[in-house]
Amino acid sequence: MFNKIKKSIILSILIVLFLFNSESFASDDQFIDIRIGKAHSLNDKISLSSKSGFILKNTDNDIVLDLDEIHITFVNSEFYIINDQNYNKIIELSFIDNYEILPKSNDFIQYNGIPYRGSFKIYNKSNAFYIINHISLEEYLYGVLPKEIPTSAPIEALKAQAIASRTYSLKNINKHITEGYNLCDTTHCQVYGGQRAENSNTNSAVDLTKNYVIYYNDSIIDAVFHSSSGGHTESSYNVWGNRVPYLVATPDPFSFNSPNSNWNITFSSAVIENSLRNNGININSLVDIEILDRTESGRVKTIKIVSSDKTTLLSGEKFRSIMGNSNFKSTLFDIQKNQDFDTNQYSLITENGRTNINFGFGKIFTLTDKGLKQVSNPSIKVLDTNGVRDLTTNNNVSSFTFIGKGYGHGVGMSQYGAIEMAKQGYSNEEILQFYYKDVTISK
Ligand SMILES: [Zn+2]
(Lines give C-alpha, C1' and ligand atoms only; values in the text may rest on other atoms or scores of the structure.)
Protein backbone atom coordinates (compact mmCIF):
# COMPACT_ATOMS: atom_id res chain seq x y z
CA MET A 1 0.00 0.00 0.00
CA PHE A 2 2.66 2.47 1.06
CA ASN A 3 4.74 1.47 -1.89
CA LYS A 4 1.83 2.06 -4.21
CA ILE A 5 1.22 5.58 -2.84
CA LYS A 6 4.90 6.41 -3.03
CA LYS A 7 5.02 5.26 -6.62
CA SER A 8 2.03 7.32 -7.60
CA ILE A 9 3.49 10.42 -5.89
CA ILE A 10 6.74 9.97 -7.76
CA LEU A 11 4.81 9.46 -10.96
CA SER A 12 2.77 12.62 -10.49
CA ILE A 13 5.92 14.62 -9.70
CA LEU A 14 7.46 13.30 -12.89
CA ILE A 15 4.36 14.22 -14.87
CA VAL A 16 4.32 17.72 -13.39
CA LEU A 17 8.01 18.13 -14.19
CA PHE A 18 7.50 16.85 -17.69
CA LEU A 19 4.52 19.14 -18.32
CA PHE A 20 6.38 22.08 -16.86
CA ASN A 21 9.43 21.41 -19.01
CA SER A 22 7.55 20.90 -22.26
CA GLU A 23 5.44 23.97 -21.55
CA SER A 24 8.41 26.19 -20.84
CA PHE A 25 10.26 24.81 -23.87
CA ALA A 26 7.34 25.53 -26.20
CA SER A 27 6.93 29.12 -25.05
CA ASP A 28 10.66 29.88 -25.04
CA ASP A 29 11.76 31.45 -28.28
CA GLN A 30 15.41 31.06 -29.03
CA PHE A 31 17.26 34.34 -28.63
CA ILE A 32 20.44 35.31 -30.43
CA ASP A 33 22.94 38.16 -30.16
CA ILE A 34 23.64 40.07 -33.37
CA ARG A 35 26.48 42.58 -33.58
CA ILE A 36 25.22 45.77 -35.22
CA GLY A 37 27.79 47.69 -37.25
CA LYS A 38 31.50 47.74 -36.59
CA ALA A 39 33.29 47.64 -33.25
CA HIS A 40 33.67 51.02 -31.51
CA SER A 41 36.81 52.24 -29.81
CA LEU A 42 37.52 54.12 -26.60
CA ASN A 43 35.82 57.56 -26.39
CA ASP A 44 33.47 56.78 -29.28
CA LYS A 45 29.96 58.06 -28.65
CA ILE A 46 26.91 56.20 -29.75
CA SER A 47 23.28 57.18 -29.42
CA LEU A 48 20.09 55.19 -29.00
CA SER A 49 16.57 56.57 -29.20
CA SER A 50 13.17 55.31 -28.12
CA LYS A 51 9.91 57.27 -28.11
CA SER A 52 8.78 55.65 -24.87
CA GLY A 53 12.05 55.89 -22.90
CA PHE A 54 14.36 53.12 -21.71
CA ILE A 55 14.63 50.44 -19.08
CA LEU A 56 18.05 49.12 -18.12
CA LYS A 57 17.64 45.64 -16.75
CA ASN A 58 19.82 42.98 -15.23
CA THR A 59 19.16 40.09 -12.86
CA ASP A 60 18.97 42.30 -9.76
CA ASN A 61 18.13 45.79 -10.93
CA ASP A 62 15.75 47.83 -13.12
CA ILE A 63 16.68 51.41 -13.99
CA VAL A 64 14.03 53.48 -15.78
CA LEU A 65 15.20 56.39 -17.94
CA ASP A 66 12.41 58.71 -19.12
CA LEU A 67 14.46 60.04 -22.01
CA ASP A 68 13.80 59.59 -25.69
CA GLU A 69 17.51 59.68 -26.53
CA ILE A 70 20.60 58.46 -24.68
CA HIS A 71 24.28 58.75 -25.52
CA ILE A 72 26.77 56.12 -24.50
CA THR A 73 30.47 56.88 -24.05
CA PHE A 74 33.10 54.21 -23.50
CA VAL A 75 35.31 55.44 -20.66
CA ASN A 76 37.63 52.46 -20.30
CA SER A 77 37.50 48.69 -20.53
CA GLU A 78 35.46 48.50 -17.32
CA PHE A 79 32.89 51.29 -17.46
CA TYR A 80 30.66 53.20 -19.82
CA ILE A 81 28.62 56.33 -19.21
CA ILE A 82 25.05 56.99 -20.20
CA ASN A 83 24.36 60.67 -20.92
CA ASP A 84 21.16 62.46 -21.86
CA GLN A 85 20.76 64.26 -25.20
CA ASN A 86 22.67 67.26 -23.82
CA TYR A 87 25.54 65.00 -22.76
CA ASN A 88 24.74 65.37 -19.06
CA LYS A 89 25.91 62.27 -17.23
CA ILE A 90 22.99 60.15 -16.03
CA ILE A 91 24.71 57.01 -14.83
CA GLU A 92 28.00 55.14 -14.98
CA LEU A 93 27.67 51.38 -15.56
CA SER A 94 30.10 48.49 -15.42
CA PHE A 95 30.31 46.10 -18.34
CA ILE A 96 30.32 43.25 -15.80
CA ASP A 97 26.80 44.23 -14.64
CA ASN A 98 25.63 43.22 -18.10
CA TYR A 99 22.65 45.55 -18.41
CA GLU A 100 20.10 44.93 -21.13
CA ILE A 101 18.65 48.10 -22.68
CA LEU A 102 14.95 47.80 -23.53
CA PRO A 103 12.34 50.28 -24.72
CA LYS A 104 10.08 51.29 -21.82
CA SER A 105 6.90 50.22 -23.60
CA ASN A 106 6.15 48.11 -26.65
CA ASP A 107 8.38 50.08 -28.99
CA PHE A 108 11.56 49.82 -31.02
CA ILE A 109 14.95 51.20 -30.04
CA GLN A 110 16.64 53.08 -32.86
CA TYR A 111 20.36 52.83 -33.37
CA ASN A 112 21.95 54.88 -36.17
CA GLY A 113 18.41 55.89 -37.13
CA ILE A 114 17.32 52.28 -37.73
CA PRO A 115 14.66 50.72 -35.49
CA TYR A 116 15.38 47.27 -34.07
CA ARG A 117 13.13 44.77 -32.34
CA GLY A 118 14.35 43.15 -29.13
CA SER A 119 16.83 44.79 -26.79
CA PHE A 120 20.41 46.04 -26.84
CA LYS A 121 23.49 45.05 -24.92
CA ILE A 122 26.87 46.71 -24.74
CA TYR A 123 29.79 44.34 -24.86
CA ASN A 124 33.49 45.00 -24.45
CA LYS A 125 36.40 42.85 -25.46
CA SER A 126 39.95 44.22 -25.28
CA ASN A 127 38.73 47.80 -25.76
CA ALA A 128 36.60 46.89 -28.77
CA PHE A 129 33.02 47.88 -27.89
CA TYR A 130 30.16 46.12 -29.58
CA ILE A 131 26.52 47.11 -29.86
CA ILE A 132 24.57 43.88 -29.65
CA ASN A 133 20.94 43.42 -30.66
CA HIS A 134 19.48 40.69 -28.41
CA ILE A 135 16.50 39.34 -30.35
CA SER A 136 14.45 36.21 -30.90
CA LEU A 137 15.58 34.11 -33.86
CA GLU A 138 12.19 34.52 -35.59
CA GLU A 139 12.21 38.34 -35.26
CA TYR A 140 15.82 38.41 -36.44
CA LEU A 141 14.72 36.52 -39.57
CA TYR A 142 12.11 39.27 -40.26
CA GLY A 143 15.06 41.63 -40.75
CA VAL A 144 17.16 39.14 -42.73
CA LEU A 145 14.81 37.83 -45.43
CA PRO A 146 14.16 41.12 -47.30
CA LYS A 147 17.94 41.58 -47.53
CA GLU A 148 18.42 38.10 -48.98
CA ILE A 149 15.59 37.64 -51.52
CA PRO A 150 13.21 39.91 -53.51
CA THR A 151 10.12 40.39 -51.31
CA SER A 152 7.88 40.07 -54.37
CA ALA A 153 8.97 36.42 -54.86
CA PRO A 154 6.22 33.76 -54.65
CA ILE A 155 5.43 32.70 -51.09
CA GLU A 156 6.81 29.14 -51.46
CA ALA A 157 10.21 30.59 -52.48
CA LEU A 158 10.07 33.02 -49.53
CA LYS A 159 9.24 30.12 -47.20
CA ALA A 160 12.16 28.08 -48.61
CA GLN A 161 14.42 31.09 -47.97
CA ALA A 162 13.04 31.52 -44.43
CA ILE A 163 13.80 27.88 -43.60
CA ALA A 164 17.25 28.08 -45.25
CA SER A 165 18.11 31.32 -43.38
CA ARG A 166 16.84 29.91 -40.05
CA THR A 167 18.87 26.72 -40.59
CA TYR A 168 21.95 28.74 -41.59
CA SER A 169 21.61 30.91 -38.44
CA LEU A 170 21.38 27.90 -36.12
CA LYS A 171 24.24 26.07 -37.83
CA ASN A 172 26.45 29.19 -37.54
CA ILE A 173 25.28 30.27 -34.08
CA ASN A 174 28.84 30.03 -32.72
CA LYS A 175 30.51 31.82 -35.62
CA HIS A 176 31.43 34.86 -33.47
CA ILE A 177 31.09 33.26 -30.04
CA THR A 178 34.72 33.98 -29.07
CA GLU A 179 33.99 37.68 -29.72
CA GLY A 180 30.99 37.54 -27.38
CA TYR A 181 28.04 37.38 -29.79
CA ASN A 182 26.51 34.93 -32.27
CA LEU A 183 26.34 36.57 -35.70
CA CYS A 184 27.27 39.88 -37.36
CA ASP A 185 24.89 41.88 -39.57
CA THR A 186 26.95 41.75 -42.80
CA THR A 187 27.37 39.28 -45.69
CA HIS A 188 30.01 37.55 -43.52
CA CYS A 189 27.06 35.97 -41.68
CA GLN A 190 23.71 37.17 -43.09
CA VAL A 191 22.77 40.74 -43.95
CA TYR A 192 20.34 42.00 -41.27
CA GLY A 193 18.52 45.30 -41.65
CA GLY A 194 16.52 45.50 -38.39
CA GLN A 195 12.83 46.39 -38.28
CA ARG A 196 13.15 49.00 -41.06
CA ALA A 197 13.96 46.29 -43.62
CA GLU A 198 10.84 44.26 -42.84
CA ASN A 199 8.15 43.46 -45.39
CA SER A 200 4.77 41.81 -44.81
CA ASN A 201 5.44 39.07 -47.42
CA THR A 202 8.73 37.98 -45.88
CA ASN A 203 7.35 38.30 -42.31
CA SER A 204 4.54 35.91 -43.33
CA ALA A 205 7.07 33.46 -44.77
CA VAL A 206 8.91 33.47 -41.42
CA ASP A 207 5.65 33.02 -39.45
CA LEU A 208 4.35 30.24 -41.73
CA THR A 209 7.57 28.24 -41.30
CA LYS A 210 8.12 29.01 -37.61
CA ASN A 211 10.79 26.72 -36.07
CA TYR A 212 11.20 24.61 -39.23
CA VAL A 213 14.81 23.71 -40.05
CA ILE A 214 16.61 21.39 -42.49
CA TYR A 215 18.22 18.19 -41.26
CA TYR A 216 20.49 15.59 -42.79
CA ASN A 217 20.71 12.41 -40.67
CA ASP A 218 19.30 14.28 -37.64
CA SER A 219 21.91 17.05 -37.84
CA ILE A 220 21.15 20.65 -38.80
CA ILE A 221 22.63 21.24 -42.26
CA ASP A 222 24.86 24.02 -43.49
CA ALA A 223 22.15 25.65 -45.63
CA VAL A 224 24.34 27.74 -47.91
CA PHE A 225 22.68 29.53 -50.80
CA HIS A 226 23.52 31.86 -53.68
CA SER A 227 21.71 34.12 -56.12
CA SER A 228 21.66 32.01 -59.30
CA SER A 229 23.39 28.78 -60.28
CA GLY A 230 23.32 29.66 -63.99
CA GLY A 231 22.13 26.15 -64.84
CA HIS A 232 24.31 23.89 -62.69
CA THR A 233 24.94 23.97 -58.95
CA GLU A 234 28.43 23.33 -57.57
CA SER A 235 29.68 20.93 -54.90
CA SER A 236 31.00 22.28 -51.61
CA TYR A 237 34.22 20.37 -52.28
CA ASN A 238 35.01 22.42 -55.39
CA VAL A 239 34.51 25.73 -53.60
CA TRP A 240 35.62 25.13 -50.00
CA GLY A 241 37.45 21.80 -50.18
CA ASN A 242 35.16 19.84 -47.85
CA ARG A 243 32.87 17.09 -49.05
CA VAL A 244 29.29 17.48 -47.78
CA PRO A 245 26.80 14.76 -48.84
CA TYR A 246 23.89 17.17 -49.35
CA LEU A 247 25.91 19.88 -51.16
CA VAL A 248 26.67 18.19 -54.48
CA ALA A 249 26.85 19.51 -58.05
CA THR A 250 23.60 19.01 -59.93
CA PRO A 251 22.04 20.24 -63.19
CA ASP A 252 19.60 23.06 -62.37
CA PRO A 253 17.01 23.66 -65.11
CA PHE A 254 15.31 26.34 -62.96
CA SER A 255 18.14 28.90 -63.06
CA PHE A 256 18.23 29.87 -66.74
CA ASN A 257 15.86 32.81 -67.15
CA SER A 258 16.63 35.09 -64.24
CA PRO A 259 18.69 38.16 -63.46
CA ASN A 260 22.39 37.26 -63.89
CA SER A 261 21.65 33.85 -65.41
CA ASN A 262 23.75 35.36 -68.22
CA TRP A 263 26.27 38.15 -67.74
CA ASN A 264 29.43 39.50 -69.28
CA ILE A 265 32.05 41.97 -68.26
CA THR A 266 35.04 43.39 -70.12
CA PHE A 267 38.30 44.41 -68.49
CA SER A 268 41.22 46.02 -70.31
CA SER A 269 44.54 44.21 -70.00
CA ALA A 270 45.81 47.17 -67.95
CA VAL A 271 42.97 46.81 -65.40
CA ILE A 272 43.60 43.07 -65.04
CA GLU A 273 47.36 43.65 -64.65
CA ASN A 274 46.72 46.21 -61.91
CA SER A 275 44.16 44.05 -60.11
CA LEU A 276 46.62 41.14 -60.05
CA ARG A 277 49.46 43.36 -58.81
CA ASN A 278 47.23 44.85 -56.08
CA ASN A 279 46.66 41.29 -54.86
CA GLY A 280 50.33 40.42 -54.65
CA ILE A 281 50.66 38.76 -58.07
CA ASN A 282 53.48 40.75 -59.59
CA ILE A 283 53.51 40.29 -63.33
CA ASN A 284 54.99 42.28 -66.18
CA SER A 285 52.69 42.98 -69.08
CA LEU A 286 49.74 40.64 -69.49
CA VAL A 287 49.87 38.54 -72.65
CA ASP A 288 47.09 35.99 -72.34
CA ILE A 289 44.55 34.34 -70.05
CA GLU A 290 43.55 30.71 -70.58
CA ILE A 291 41.16 28.35 -68.85
CA LEU A 292 43.10 25.20 -67.93
CA ASP A 293 40.40 23.00 -66.40
CA ARG A 294 36.84 23.04 -65.13
CA THR A 295 34.91 21.36 -62.32
CA GLU A 296 32.09 18.87 -62.94
CA SER A 297 29.62 21.78 -62.96
CA GLY A 298 31.58 23.55 -65.70
CA ARG A 299 33.00 26.22 -63.41
CA VAL A 300 36.57 27.33 -63.99
CA LYS A 301 38.87 25.40 -61.67
CA THR A 302 42.26 26.69 -62.81
CA ILE A 303 43.17 29.70 -64.89
CA LYS A 304 46.55 30.40 -66.51
CA ILE A 305 47.82 33.97 -66.57
CA VAL A 306 50.55 34.41 -69.16
CA SER A 307 52.63 37.53 -68.76
CA SER A 308 55.76 38.65 -70.59
CA ASP A 309 57.88 37.38 -67.66
CA LYS A 310 56.13 34.23 -66.41
CA THR A 311 53.10 31.97 -66.18
CA THR A 312 50.89 32.09 -63.08
CA LEU A 313 48.20 29.56 -62.17
CA LEU A 314 45.20 30.69 -60.11
CA SER A 315 41.99 29.01 -59.00
CA GLY A 316 38.84 30.30 -60.68
CA GLU A 317 37.55 31.44 -57.26
CA LYS A 318 40.77 33.38 -56.56
CA PHE A 319 40.68 35.09 -59.94
CA ARG A 320 37.00 35.97 -59.40
CA SER A 321 37.67 37.50 -55.99
CA ILE A 322 40.62 39.50 -57.39
CA MET A 323 38.42 40.93 -60.16
CA GLY A 324 35.60 41.65 -57.64
CA ASN A 325 32.88 39.19 -56.69
CA SER A 326 30.03 41.60 -57.45
CA ASN A 327 31.22 42.51 -60.97
CA PHE A 328 32.59 39.12 -61.80
CA LYS A 329 29.50 37.19 -60.85
CA SER A 330 30.59 33.54 -60.96
CA THR A 331 33.31 31.15 -62.03
CA LEU A 332 31.03 29.64 -64.70
CA PHE A 333 32.50 31.59 -67.61
CA ASP A 334 34.26 31.62 -70.98
CA ILE A 335 36.86 34.12 -72.17
CA GLN A 336 36.72 36.20 -75.33
CA LYS A 337 39.92 38.02 -76.27
CA ASN A 338 39.63 41.43 -77.89
CA GLN A 339 42.39 42.89 -80.03
CA ASP A 340 43.31 46.51 -80.51
CA PHE A 341 42.73 46.32 -84.20
CA ASP A 342 40.37 44.58 -86.48
CA THR A 343 43.08 43.20 -88.74
CA ASN A 344 40.71 43.02 -91.66
CA GLN A 345 40.41 46.77 -91.66
CA TYR A 346 44.10 47.38 -92.26
CA SER A 347 45.59 46.67 -95.66
CA LEU A 348 48.70 47.54 -97.54
CA ILE A 349 48.27 48.46 -101.15
CA THR A 350 51.11 47.18 -103.28
CA GLU A 351 51.63 46.73 -106.99
CA ASN A 352 50.26 43.19 -106.47
CA GLY A 353 47.04 44.52 -104.98
CA ARG A 354 45.61 44.77 -101.50
CA THR A 355 47.05 42.67 -98.65
CA ASN A 356 45.51 42.49 -95.18
CA ILE A 357 47.89 43.02 -92.33
CA ASN A 358 47.86 40.51 -89.51
CA PHE A 359 49.05 42.44 -86.49
CA GLY A 360 48.36 39.35 -84.47
CA PHE A 361 51.25 37.06 -84.05
CA GLY A 362 54.49 38.56 -85.21
CA LYS A 363 53.61 38.44 -88.88
CA ILE A 364 54.52 41.96 -89.78
CA PHE A 365 55.12 43.03 -93.36
CA THR A 366 56.89 46.01 -94.74
CA LEU A 367 56.56 47.48 -98.16
CA THR A 368 59.87 47.38 -99.97
CA ASP A 369 60.83 48.18 -103.51
CA LYS A 370 60.62 44.43 -104.16
CA GLY A 371 57.06 44.24 -102.86
CA LEU A 372 55.67 43.10 -99.53
CA LYS A 373 58.23 41.37 -97.31
CA GLN A 374 57.65 39.69 -93.99
CA VAL A 375 59.91 41.06 -91.31
CA SER A 376 61.46 38.31 -89.19
CA ASN A 377 62.11 40.22 -85.97
CA PRO A 378 59.98 43.29 -86.20
CA SER A 379 59.69 45.85 -83.50
CA ILE A 380 56.57 47.83 -84.04
CA LYS A 381 54.87 49.92 -81.45
CA VAL A 382 51.61 51.79 -81.68
CA LEU A 383 50.05 54.40 -79.50
CA ASP A 384 46.42 53.73 -78.67
CA THR A 385 44.03 54.68 -75.89
CA ASN A 386 45.72 52.18 -73.56
CA GLY A 387 49.13 53.76 -74.07
CA VAL A 388 52.09 52.44 -76.03
CA ARG A 389 51.60 48.83 -77.00
CA ASP A 390 54.22 46.53 -78.47
CA LEU A 391 52.56 44.72 -81.34
CA THR A 392 55.42 42.33 -81.88
CA THR A 393 55.33 40.36 -78.62
CA ASN A 394 51.89 38.86 -79.19
CA ASN A 395 50.85 41.35 -76.57
CA ASN A 396 48.03 42.64 -78.65
CA VAL A 397 45.02 41.51 -76.62
CA SER A 398 43.79 44.86 -75.39
CA SER A 399 40.89 43.54 -73.37
CA PHE A 400 39.21 40.35 -72.20
CA THR A 401 35.47 39.80 -72.11
CA PHE A 402 34.27 37.24 -69.58
CA ILE A 403 30.98 35.71 -70.66
CA GLY A 404 29.38 33.99 -67.69
CA LYS A 405 26.35 32.33 -66.18
CA GLY A 406 24.88 32.64 -62.69
CA TYR A 407 25.73 34.76 -59.64
CA GLY A 408 27.49 33.48 -56.54
CA HIS A 409 29.44 30.37 -55.54
CA GLY A 410 26.76 28.02 -56.86
CA VAL A 411 26.65 25.77 -53.77
CA GLY A 412 23.28 24.79 -52.22
CA MET A 413 20.06 26.65 -53.02
CA SER A 414 19.86 28.91 -56.06
CA GLN A 415 17.52 31.69 -54.96
CA TYR A 416 16.34 32.56 -58.47
CA GLY A 417 15.99 28.83 -59.11
CA ALA A 418 13.77 28.63 -55.99
CA ILE A 419 11.66 31.52 -57.33
CA GLU A 420 11.26 29.76 -60.70
CA MET A 421 10.33 26.46 -58.96
CA ALA A 422 7.70 28.27 -56.87
CA LYS A 423 6.29 29.86 -60.05
CA GLN A 424 5.99 26.36 -61.52
CA GLY A 425 4.02 25.20 -58.45
CA TYR A 426 6.67 23.45 -56.35
CA SER A 427 6.33 23.65 -52.55
CA ASN A 428 8.99 25.05 -50.22
CA GLU A 429 9.84 21.49 -49.16
CA GLU A 430 10.28 20.34 -52.78
CA ILE A 431 12.47 23.37 -53.48
CA LEU A 432 14.71 22.68 -50.48
CA GLN A 433 14.93 18.95 -51.26
CA PHE A 434 15.94 19.76 -54.83
CA TYR A 435 18.85 21.98 -53.77
CA TYR A 436 19.93 20.05 -50.64
CA LYS A 437 20.10 16.31 -51.38
CA ASP A 438 18.43 13.73 -49.10
CA VAL A 439 17.43 16.20 -46.38
CA THR A 440 14.31 16.38 -44.21
CA ILE A 441 12.53 19.50 -43.02
CA SER A 442 11.05 19.48 -39.54
CA LYS A 443 10.63 21.52 -36.36
ZN1 LIG B 1 29.84 37.39 -39.25
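For segment 31-138, the Cβ-based charge dipole about the Cα centre amounts to some 340 debye (Lys, Arg positive; Asp, Glu negative; other atoms uncharged). Charge tally around Asn127: other residues with Cβ under 15 Å, Lys/Arg +1 each, Asp/Glu -1 each, net -1. In order along segment 413-426, the Karplus-derived 3J(HN,Hα) couplings, from 6.51 cos²θ - 1.76 cosθ + 1.60 at θ = phi - 60°, round to 6, 8, 5, 6, x, 4, 5, 5, 4, 4, 4, 7, x, 6 Hz, and Gly and Pro are given as x. In whole angstrom, segment 31-138 maps to an equivalent ellipsoid with semi-axes of 18, 17, 14, each derived as √(5λ) from the alpha carbon gyration tensor and ordered largest first. The accessible area of Ser136, taken with all protein chains in place and a 1.4 Å probe, comes to roughly 10 Å². Over all orientations, segment 121-161 has a Cα convex hull whose mean projected area works out to 3.8 square nanometres. Pairs over the 23 Å Cα-Cα cut-off, from the set Lys304/Lys373; Lys38/Lys318; Lys57/Lys125; Lys304/Lys405: Lys304/Lys373; Lys38/Lys318. Here Glu139 sits with roughly 60 square angstrom of accessible surface, probe radius 1.4 Å.
Give me the distance between the Cα centres of segment 280-307 and segment 140-203, rounded to whole Å. Cα centres, segment 280-307 to segment 140-203: 35 Å.
Using only alpha-carbon positions in segment 258-342, the gyration tensor eigenvalues give semi-axes of 21, 15, 13 Å once each is multiplied by 5 and square-rooted (largest first).
The values are calculated or read from the model by the stated rules, or taken from the named source; none is laboratory data. Since this is a predicted model, take the numbers as computed values, not measurements. Glycine also receives a Cβ, built like all others from the backbone with ideal geometry; neighbour counts cover every protein chain displayed. Keep in mind that these areas ignore ligands, DNA and RNA; they rest on the heavy atoms of the full protein, side chains included. Shrake-Rupley method; radii C 1.70, N 1.55, O 1.52, S 1.80 Å.
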